[in-house]
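The values are calculated or read from the model by the stated rules, or taken from the named source; none is laboratory data. What you see is a predicted model, and the numbers here were worked out from it, not measured in a lab. All Cβ positions, glycine included, derive from the backbone under ideal geometry; neighbour counts span all protein chains shown. Calculation scope for accessible area: heavy atoms of the full protein, side chains included, ligands and nucleic acids excluded. Shrake-Rupley method; radii C 1.70, N 1.55, O 1.52, S 1.80 Å.
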Amino acid sequence: MNKFLLIVLISIGLSNIAYAQDFAPGITDQEIDMVKYNKEPQANAVFLDEFGNTRIDEVNDHIRLIFTYHAKIKIFNKEGLTHGTIEIPIHISEDSGEEVGNVTGTTYYKDDNGILQKTELDPKKVFTVKDYKYGSTVKFAMPALRPGCVVEFKYELISPYWYDFRGWTFQDDIPKVNSQYETHIPGFWWFNASIRGSLKLSKSDSELQRECFSSGGAKADCSHMTYQMKDIPAFVEEDYMTARKNFLSAIYFELVEYTNPYTNVKTVVTKEWSDVDRQLKNSDSFGSQLKRTSLLKERITPLIAGKTDELDKAQTVYAWVKKQIKWNDYIGIYSNDGIKKALDTHTGSIADINLTLITALSAAGLNAEAVLLSTRDHGAVNTLYPVLSDFNYVVARLTIGDKTYLLDATDPLLSFGLLPFRCVNDKGRVISLNKPSYWIDLNTQQKAATTHTFDLTLLDNGKLKGTVTNYYKGYDAYEKRKAIRKFNTVDEYVEDFDEKQPKLKVLKSEITNLDSLESPLKEVFNVEIEAFDNTNHEKLSFNPFLWEKRTTNPFKLAERDYPVDWAFASDKRLVLVMHLPAQYVIETPPQVVAFALPNKGGMFVTTFDTQDNNTFTFSNITQFNKSVYDSAEYPYLKELFNKIILAEKGDMIFKKK
């Protein structure tokens, strides 16, 4: 199991272990005098202690979750002052909602005379901001904030959503000396708990509490669990990662079953996949929509009449669905209003569009199934047991012979078989109407490929004149088409491109295959580049990396506990053919290098060739052959980028004869 996504299922058992409790309020001389956290000296602040406690109990004849939070934070500098402003998100429904109360806080600091002072939080300074219909945020800023202070605060949150037992995130963007979470769960409820992240618990204890819960004459013992981590490093986000919550060390709870303490009726919540399959197939908003092949057959039959090739049929149906329904920016796995309404109104959600696509492909006699997935920003799915709330997106899976295609018809610029970047996220669950569901990898077979070709002549006035030809395939073609379509016309796009290149002037341009999504996108620019003021110099310095030269390494961590996830492989190429004036020769050619990642994971290669004294060809290939690199490969990626940056700094020298 990968280090970066360690999920451990915890059985909430009962034994007799010592009772744990909240830390004592107040501070020590050592805490107020701290000038840095020795284990992470660069930290702007540090949690000195953190405690949370969640229990299920009865409040005013209603079952409630009661969560208590207590924290103490040392702030070292101005940048750390943001940790003195506290925000508590709360959920609100039509008839009830979460409530925050019993908010207390104290700021400890030394005044200009070195005397310890403390300022209490004014309860009137705690306020609630409405974020949207179903969500608000309780906010307060600790008083008398200044570098060197220690803030301590505590609050209680009461929630009616007992089925959504509160998890706990041990890791944050600042380090923690100690973080402890306790749960008290009566025997009427059974939850699965899972630990996610690369860090291990320092302690995981359980204790049986006799008759800790009483409601309507019913009594139950409780499982009292204590989870603790110590010396928790700060979580540092870096480029090329999926959802942050995938990798933060945290504990999550999923309701398995419960017994109503008032009626003694048992309800099973977490089911087997066979139960979920049946639920989805019988759902009016999912399975029933996939069965509406007759609705689609009458619409697509004329489109595929005379077509015998299955791929040709599929591409025709795919293009038709993309034109029929425009995405309304809503995501989800259920077509709540039905695919007929989406077809009639020509607008719909992710589910409306892609369930229409699956049904249309099936109506065309093709083997199409639904795939449930979680988008990259939504988080990873739990593969240990079914959790439907983990999924927020549905796409089509088409099988033709021994080839499979993943299709999403929500974007008119997506080529056949290209998933949006947001969807390439580990695994998806295939839901079929006639067989059990199963997992598939969402690693795309498509990659991002770009080739830049330059044919340039150095003129006597110091300018370079010639052609720049760009070829884009796969994800690069998709992104380039999106960039062009942001403008009203292609000419506006070219003008914008010209304006953003201060030393380059576009004399003429041509863009082909803009609407031919299955073909590479091609740009040809006739250009003039201001390279030198003139050629009346004994020597000229020239960098052959004319396009997208890298100057910063995106990988800066000493080590990274989560993967580098590009979502797709990439291939970038540069070919430069350059013609020099007759009076110049090449004194210093570019450095020829060949760097490679282990196990054929990628490479950076340059070549150089001279046809004669005045014409040369320089080329470069940068390949990353994997979509995801695990944490063990991180040092090699980091070093490769260091070498790339150094290589791309190197200049050629042209010398007068």
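Restricting the stretch 101-173 to chymotrypsin sites (Phe, Trp or Tyr not before Pro) that sit in a DSSP loop and have at most 12 other Cβ atoms within 10 Å of their own Cβ leaves TYR134. In summary, the aspartates and glutamates within cross-link reach of LYS480, defined as a Cα separation below 13 angstrom excluding same-chain residues under 8 places away, comprise ASP515, GLU523. When Lys and Arg each count +1 and Asp and Glu each count -1, what net charge do the other residues less than 10 Å away from LEU290, Cβ to Cβ, add up to? Taking every Cβ under 10 Å from that of LEU290, the sum is +2. Along the stretch 24-39 the Karplus relation, 6.51 cos²θ - 1.76 cosθ + 1.60 evaluated at θ = phi - 60°, assigns HN-Hα couplings of 6, x, x, 10, 10, 4, 4, 5, 6, 8, 4, 10, 6, 9, 4, 7 Hz to successive residues, with x for each Gly and Pro. Each part reduced to its alpha carbon centroid, the stretch 31-83 and the stretch 437-454 end up 42 Å apart.
Restricting the chymotrypsin sites (Phe, Trp or Tyr not before Pro) of the stretch 491-575 to loop positions (DSSP other than H, G, I, E, B) with no more than 14 neighbouring Cβ atoms within 10 Å leaves TRP547.
Taking GluC sites (Glu not before Pro) across the stretch 458-558, the ones in a DSSP loop with at most 16 further Cβ atoms lying within 10 angstrom of their Cβ are GLU518, GLU538, GLU548.
What does the accessible area per residue of the chain come to in Å², with a 1.4 Å probe and no ligands, DNA or RNA counted? Please report the intermediate quantities before stating the final value.
Numbers: 31510 Å² over 657 residues.
Accessible area per residue: 48 Å².
Indicate the gyration tensor shape class of the stretch 383-464 (rounded, prolate or oblate), computed on the Cα atoms with a ≥ b ≥ c the square roots of the eigenvalues: a/c under 1.5 is rounded; otherwise a/b larger than b/c is prolate and the rest oblate. Since a/c reaches 1.5 and a/b is larger than b/c, the shape of the stretch 383-464 is classed as prolate.
For a 26 Å ceiling on Cα separation, which of these pairs sit above it: LYS203/LYS626; LYS326/LYS486; LYS297/LYS447; LYS74/LYS125?
Values: LYS203/LYS626 37 Å; LYS326/LYS486 17 Å; LYS297/LYS447 34 Å; LYS74/LYS125 21 Å.
In this structure, LYS203/LYS626; LYS297/LYS447 exceed 26 Å between Cα atoms.
Dipole size of the chain about its Cα centre, with +1 on Lys/Arg Cβ and -1 on Asp/Glu Cβ: approximately 1220 debye, rounded to the nearest 20. The stretch 262-296 and the stretch 584-598 have their alpha-carbon centroids 61 Å apart.
Each other residue within a Cβ distance under 15 Å of THR104 adds +1 if Lys or Arg and -1 if Asp or Glu, for a net charge of 0.
Ratio of Rg to Rh for the stretch 17-83: 1.14 [Cα atoms; Kirkwood radius as inverse mean 1/r over pairs]. Here's how it looks for SER509: its modeled amide H is under 5 Å from those of ASN526, which are all 5 or more places away or on a different chain.
Could you tell me whether the stretch 336-407 comes out rounded, prolate or oblate from its Cα gyration tensor? Rule is a ≥ b ≥ c as square roots of the eigenvalues, rounded for a/c under 1.5, then prolate if a/b exceeds b/c, otherwise oblate. Don't jump to the answer; show the numbers that get you there.
Details: a/c = 2.44, a/b = 1.19, b/c = 2.04.
Here the stretch 336-407 falls in the oblate category.
Net charge dipole, the stretch 567-657: roughly 140 debye, given to the nearest 20, about the Cα centre with Cβ charges of +1 for Lys and Arg and -1 for Asp and Glu. About its Cα centre, the dipole of the stretch 462-581 is roughly 260 debye, where the only charges are +1 on Lys and Arg Cβ and -1 on Asp and Glu Cβ.
Only alpha carbons enter this Debye calculation for the stretch 125-169, each as an equal point scatterer, and the log10 of I(q)/I(0) it gives at q = 0.15, 0.20 Å⁻¹ is -0.63, -0.95.
Where the accessible area of the chain is counted over protein heavy atoms with a 1.4 Å probe, how much of it, in %, is carbon and sulfur?
Details: 15080 of 31510 Å².
Carbon and sulfur: 48 percent of the exposed surface of the chain.
Summary value for the chain: 10 percent relative contact order, contacts being C-alpha pairs under 8 angstrom separated by 6+ residues. Per-residue 3J(HN,Hα) values for the stretch 276-291, derived from phi via the Karplus relation 6.51 cos²θ - 1.76 cosθ + 1.60 with θ = phi - 60°, read 5, 4, 5, 4, 5, 5, 8, 6, 4, 9, 9, x, 4, 6, 5, 8 Hz in sequence order (x marks Gly and Pro).
Cysteines of the chain lacking any other cysteine Cβ under 4.7 Å from their own Cβ: CYS149, CYS423. Listed values for the stretch 314-326 are Karplus-derived 3J(HN,Hα) couplings in whole Hz (6.51 cos²θ - 1.76 cosθ + 1.60, θ = phi - 60°), namely 4, 5, 5, 5, 4, 5, 5, 4, 4, 7, 7, 10, 9, and x replaces Gly and Pro.
Hey, which aspartates and glutamates would be in cross-link range of LYS118, C-alpha to C-alpha under 19 Å, not counting anything within fewer than 8 residues on its own chain? Excluding near neighbours in sequence, the set is ASP29, GLU31, ASP33, ASP49, GLU152.
So how much slack lies between LYS505 and ASN77, counting 0.36 nm per residue of separation and subtracting their Cα-Cα distance, in nm?
Details: separation 428, 0.36 × 428 = 154.08 nm, distance 4.80 nm.
Result: 149.3 nm gained on full extension.
Excluding THR347 itself, calculate the net charge of residues whose Cβ lies under 15 Å from the Cβ of THR347, where each Lys or Arg counts +1 and each Asp or Glu counts -1. Kindly include the intermediate steps, with their values, before the conclusion.
Working: positive: LYS322, LYS323, LYS326, LYS340, LYS341; negative: ASP329, ASP337, ASP344, ASP352, ASP411.
That works out to 0.
Dividing the summed -39500 (n - 2.57) terms of all DSSP H runs of n ≥ 4 by the residue count of the chain sets its mean residue ellipticity at 222 nm at -4500 deg cm²/dmol. A cut-off of 5 Å between modelled amide H atoms, ignoring neighbours fewer than 5 places along the same chain, links ALA45 with PHE76.
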